[in-house]
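Below is one structure, written out as structure tokens, with a few remarks after it.
No lab work stands behind these numbers, since they all come straight from the coordinates. Here the structure is a predicted model, which is why all the values come from computation and not from measurement. Every residue, glycine as well, gets a Cβ built from its backbone with ideal geometry; the counts of neighbours run over all protein chains shown.
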Amino acid sequence: MKKLFITIVLSISIVMTTSAQDTTMVEQYCRLVATGKILSNKVRIDVDFGEERKLFRDNRLRDEQTGKLKEFNTVVDALNYMGLQGWVLLNAFPTIEGGSTIFHYYFKKQFKRSELN
């Protein structure tokens with residue numbers, strides 16, 4: 001009887017251990033690139049989460065429910081949005097490309113390993 005009880009307890013503990021999710025936290029990074037829109041006060045925001053880039057793929061943020069492009073009035077509007085999503089700003093710097101100033105913002109966020117692909 002004692003052996004049966006130990007066997008049952010061990011079996012339950014093995015099942016619970018194997019079904020438990022990995023709660024290890026890992027950092028993920030992203031880059032937000034802000035450029036001004038032509039003939040508009042709004043800005044275009046492209047986000048690089050490190051996925052493979054396709055030639056004709058649009059990298060702008062989309063609303064999760066509707067799938068429509070997120071529009072931002074200013075860069076600060078986009079930075080506030082990223083902060084609300086849990087991203088932490090690490091670094092920001094401008095570059096000049098083709099006579100235009102483009103701003104780059106790097107963020108990081110903690111995720112559970114089980115949440116990632």
Hydrodynamic radius by Kirkwood for segment 22-115, inverse mean 1/r across distinct Cα pairs, in Å, is 14.6 Å
Can you compute the FRET efficiency between Asn91 and Leu116 using 1/(1 + (r/R0)^6), with r the Cβ-Cβ distance and R0 = 22 Å? Round to the nearest 0.05.
0.45
So, with points 7 Å from each Cα along the Cβ direction, the Gln65-Asp77 label distance in nm works out to 1.9 nm
